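Sending over a structure as structure tokens; questions will come in a sec.
The values are calculated or read from the model by the stated rules, or taken from the named source; none is laboratory data. Keep in mind that this is a model prediction, so the values were computed, not measured. Heads up, the Cβs are rebuilt from the backbone with ideal geometry, glycines too, and the neighbour counts pull from every protein chain shown.
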Amino acid sequence: MSHDDIVDTLNDLIETSKDGELGFTACAKHVKSSDLRNLFLRRAEECRAAAGELQTLVVEYGGKPDAGGSATGALHRGWVAVRGSLSGYSDHAMLEECERGEDAALARYRAALKEEALPESVRAVVARQQLGVQANHDQIKRLRDIDKAA
């Protein structure tokens with residue numbers, strides 16, 4: 001795998017992390033529960049930190065790190081706003097949107113880990129971050145299911 005390919009893979013994950021940061025922050029603004037707001041803000045910070053870690057790796061491989069999210073993430077955040085305005089920004093709707101965002105993040109991390117020629121040091125960081133994304137997804141899904149049952 002060339003350095004350019006590694007940088008491209010890492011920049012894709014930076015976009016994913018930035019999308020998560022911006023998405024969790026947007027959802028935090030619209031939930032009524034202070035516990036959910038605090039959870040979403042913590043998740044946003046974790047995504048920001050993950051992006052920073054990946055940006056450092058991009059520089060190590062001679063690339064220019066992406067600084068923003070993706071067009072797809074911007075569309076998703078727009079959908080959150082539209083859906084929220086239609087549903088009154090319910091906590092349940094925001095949990096569903098966060099889960100949808102984490103589904104997309106998981107797919108991108110899994111795709112990166114399928115890159116066979118990814119250097120082991122990079123793979124270790126990506127795998128560790130993917131475990132965090134999975135844990136976030138599972139927690140959000142669990143909270144959504146609890147809210148739905150209530």
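Among the residues of the stretch 16-29, how many are touching a Ser or Thr at 6+ places or on another chain (Cβ under 9 Å) and surrounded by fewer than 21 Cβ atoms within 10 Å (Cβ to Cβ)?
Of all residues in the stretch 16-29, those touching a Ser or Thr at 6+ places or on another chain (Cβ under 9 Å) come to 16, 18-19.
Then drop every residue that is not surrounded by fewer than 21 Cβ atoms within 10 Å (Cβ to Cβ), which leaves none.
Number of matching residues: 0.
So is Ala107 of a type in the set (Gly, Ala, Ser), within 14 Å of the chain's Cα centre (by Cα) and surrounded by fewer than 14 Cβ atoms within 10 Å (Cβ to Cβ) or not?
Criteria met by Ala107.
A follow-up question, please. Consider only pairs whose beta carbons are under 6 Å apart and that are at least six residues apart or on different chains; among these, list those whose first residue lies in the stretch 87-106 and is farther than 27 Å from Val126 by Cβ and whose second residue is in a helix (DSSP H, G or I) and of a type outside the set (Ser, Thr, Tyr).
Taking only residues 6 or more apart or on different chains, the pairs are Ser87/Ala93; Asp91/Leu36; His92/Asp147; Ala93/Arg83; Met94/Cys27.
So which pairs qualify, if the first residue must be in the stretch 1-15 and touching a residue at least 60 places away in the same chain (Cβ under 8 Å) and under 22 Å from Asp103 (Cβ atoms), the second must be among the hydrophobic types (A, V, I, L, M, F, W, C) and part of a helix (DSSP H, G or I), the Cβ gap must be under 6 Å, and the two must be at least 6 apart or on different chains?
Note: pairs meeting the criteria are Thr9/Ala112; Leu10/Leu54; Leu10/Leu57; Leu10/Val58; Leu13/Leu54; Leu13/Ala112.
Could you tell me which residue of the stretch 28-56 is nearest to the chain's Cα centre (by Cα), considering only residues that are more than 21 Å from Gln130 (Cβ to Cβ), touching a residue at least 12 places away in the same chain (Cβ under 8 Å) and assigned to a helix (DSSP H, G or I)?
Leu41
If you take the residues of the stretch 1-27 that are in a helix (DSSP H, G or I) and among the hydroxyl-bearing types (Ser, Thr, Tyr), which of them is nearest to His92 (Cα to Cα)?
Thr25
Among the listed residues Val82, Val58, Val31, which satisfies the condition of being out of contact with any Gly (no Cβ under 6 Å at 6 or more places or on another chain), among the β-branched types (Val, Ile, Thr), under 23 Å from Arg144 (Cβ atoms) and at pLDDT 90 or above?
Every option except Val31 fails the conditions.
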